[in-house]
1. Taking a probe of 1.4 angstrom, what is the accessible area of A:Cys33 in Å², to the nearest 10?
2. Accessible area per residue of the protein assembly as shown at 1.4 Å probe, in Å²?
3. Mind scanning A:Lys43/A:Lys167; A:Lys70/A:Lys223; A:Lys28/A:Lys120; A:Lys43/A:Lys92; A:Lys70/A:Lys92 and naming the pairs with a C-alpha gap bigger than 29 Å?
4. Calculate how steeply helix A:96-107 sits against the longest principal axis of the alpha-carbon atoms of chain A, using the helix alpha-carbon long axis, and give the answer as 0 to 90 degrees to the nearest 10.
5. Whenever you get a sec, line up A:Lys28, A:Lys92 from highest to lowest accessible area (probe 1.4 Å, protein heavy atoms).
6. Quote the relative contact order of chain B in percent (integer), defining contacts as alpha-carbon pairs under 8 Å separated by 6+ residues.
7. Report the net charge of residues surrounding B:Ile79, where surrounding means a beta-carbon distance below 10 angstrom and charges are Lys +1, Arg +1, Asp -1, Glu -1.
8. Normalised by the empirical 2.2 N^0.38 Å for globular proteins, what value does the Cα Rg of segment A:3-250 take?
Amino acid sequence: MTILLEVQGLSKNFGGLQVSSDISMSLKAGDRCALIGPNGAGKTTFVNLVTGVLPPTAGAIRLDGRDVTKLSAADRVRRGLIRSFQVARLFKSMTVREHMELAVLQRDRRTFRLFASVAKTAGLADEVAECLGLMGLGAAAETPVGSLAYGQQRLLEIALALAMRPKVLILDEPAAGVPHSESQRILDAIDRLPKDLAVLMIEHDMDLVSRFASSIVVLAQGKLLCSGATRDVMADPRVREVYLGSRANAH
Amino acid sequence: MSATMTDGLSKGTTGPMTRDTTALAAPRRDFGWLAAPITGALGLAAFWLFPEDLGLMTRIAATALYVLSLDLVLGYCGIATLGHAAMFGTGAYAAGIAAVHLVNDPLVLLLIGGAAGGVMALVTGGLILHARGLTLLMLTIAVTQIVQEVANKARDWTGGSDGLSGVDPAPLLGLFRFDMFGRTSYLFAVAVLVVGMVAARRIVRSPFGLACRGVKEDPLRISALGGSPRAYLVTMYAVAGIFAGVAGALTAVSSGIVGLDSVSFSWSAEALVMLVLGGTGRLYGAVIGTVAFMTVHHILAATDPFHWMLFIGLFLMGIVLFLPGGIASGGERLRALLARKGEGDQA
């Protein structure tokens, strides 16, 4: 299988504070990987480094074989490195349909057509309908996002990411804020993502992780603690100590 | 809302491989396209009803186009500006100077005004649109002050504080002379306004317009979709500059003079007042606001020359207090109210 995302020796210092140090990992096509770690482990910083929101102090990031370390966040998006946000970041006054249209048009770089009609853009309506159908959002197409239930907003986040035709998809706690009883819907939606995608999910909930991931990467205090197949990582005593242990104590 | 929620829930339980592409909700009906034909029809009706007031109504039509251009910037991009007169005035002076020295075909003059306004917006927008909020507001004011000072100092071209006079356009299309009663001017202004409304609506409904609305709400989210927020803002600013420049040229052509007040801070602020009065982000709100403000202004100034400013103030406060979304939002509120009543009757 081809390696889609390769991170080598990634480090980030804020002044004297080292928040990420020497993290290496890779994702192959079809991977379903979970990134876990206790609060403050540097998960969000890691995602920001990989997506280009923050410049790294050292290290390299390769996307589908090409070095993207120096590229801006928007350039990485255009090359297929797409993320969803932990807190749904959507355009409150736009409808669900308009979100999808914008994502598809932006992906195809057709957003500088000043006199074209969105409604008459060839193929757009079909693709929007298919994406929304995949996420079970068809009936909500005309609902302004501001009055959408939170769980549906999370599904829309995933639908938006999907519409960008990602090679690598980073889902930042896709079920955060969704009642536990409903998180299965989000997982179902993730199950329906194209199989050749590499998906990295940042997640707290070990129950979700065990249902979703085939492999796990564990961060602790900005360092890579361990990585490997889900079962091996979950059985690793170091992981139990820093992550599962601390969580168990907290409850 | 609860209905859509349970709807979504039942969909989620239909199993992982079910594709639900059939149940896409139907698009909502949009009657915004009616605004341009209604404006044209009312404009023609006014031509017969108020033949004495053609001069005022011509100014209203040209100003409506100017306020419409501000709506493109404020209502669809969220750019707060108190410097929109810079583009209006540039268009007016460019058309005026061209009319005195070069050509006098009215349509060519509008093109020159639009090009000048567009270039001014592109250059200044490229320089200042990295800023947001109050900083941007200050920068837009500064741009207007600079343009006004340049117009003031370049007396040989602009006439300075005396204003530029001697704009004498040739007959429209070679057929219709600009008569002393202002009939041609008025019909020309209404026609340009209607064309402007159609073009503006086309732009805001384009993929570009959709992206601009996205930038207005969350520029960072647009970046995450792979777009450049600033490129959209500068482009829309330039497009609005073209509209404002045409409006300025239209004023110059129909009135025959261009003064320093056309690049003033107060003219920028007045556009903002008229737009907020009518309602932002709808296009036709700009026309409604301009007609309401300038008509009330005219009537009050004529009936009570001493206290009319007070009544204008009360009028504005009344609208802002009771219809915070502007006059155009009144119709939508009414419709929502009737819809709710209808549902109640059914139940």
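The values are calculated or read from the model by the stated rules, or taken from the named source; none is laboratory data. Owing to the predicted nature of the structure, the values given are computational and were not obtained by experimental measurement. Cβ atoms come from the backbone with ideal geometry, glycine included; neighbour counts cover every protein chain shown. Keep in mind that these areas ignore ligands, DNA and RNA; they rest on the heavy atoms of the full protein, side chains included. Shrake-Rupley method; radii C 1.70, N 1.55, O 1.52, S 1.80 Å.
1. 0
2. I get 45 Å² per residue for the protein assembly as shown.
3. A:Lys28/A:Lys120; A:Lys70/A:Lys92
4. It works out to around 80 degrees.
5. These residues rank, largest area first, as A:Lys92, A:Lys28.
6. Relative contact order for chain B comes out at 29 percent.
7. +2
8. 1.04
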